[in-house]
Amino acid sequence: MLGEIEDILSEGEALLMEPRDQYDSCLIGVGYRFHDGPLAVYDMDLVLSVLGEEMNEEDAQEWFEYNTLGAWMGNGTPIFVRLFK
């Protein structure tokens, strides 16, 4: 699946989270915004889990909200979703 997603994302200006060896497992699909796409789509809970390996849950949430959700890096900025299973 990751290879297929990467092939689609290579067609545009999609930005991927770094370091890739930590965050590629959080990449779940491809998304589109008005005039933008394809874009990397990450599972927010998986990203928080990765961050939680380096800091406590509260700090991980705060860091994510400020440094990731709050970061606009242009039209290739990733999309983050919370899945309900």
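The values are calculated or read from the model by the stated rules, or taken from the named source; none is laboratory data. These numbers come from a predicted model, not from an experiment. Counting neighbours? That spans all protein chains shown, and the Cβs are built from the backbone with ideal geometry, glycine included. Surface areas here come from the heavy atoms of the whole protein model, side chains and all, with no ligands, DNA or RNA. Shrake-Rupley method; radii C 1.70, N 1.55, O 1.52, S 1.80 Å.
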Filtering segment 68-82 down to residues that are open to solvent by 80 Å² or more (accessible area, probe 1.4 Å) and over 13 Å from Glu13 (Cα atoms) yields Leu69, Trp72, Arg82
Expected single match for touching a Cys at 6+ places or on another chain (Cβ under 9 Å) and open to solvent by 40 Å² or more (accessible area, probe 1.4 Å) among Asp59, Asp7, Asp45 is Asp45
Among the residues of segment 11-36, the number that are open to solvent by less than 40 Å² (accessible area, probe 1.4 Å) and either over 15 Å from Leu51 (Cα atoms) or free of Cβ contacts under 8 Å to residues at least 12 places away in the same chain (or both) is 5
Flagged pairs (Cβ under 7 angstrom, 6 or more apart or on separate chains; first in segment 54-71, at pLDDT 95 or above; second open to solvent by 100 Å² or more (accessible area, probe 1.4 Å)) are Met55/Trp63
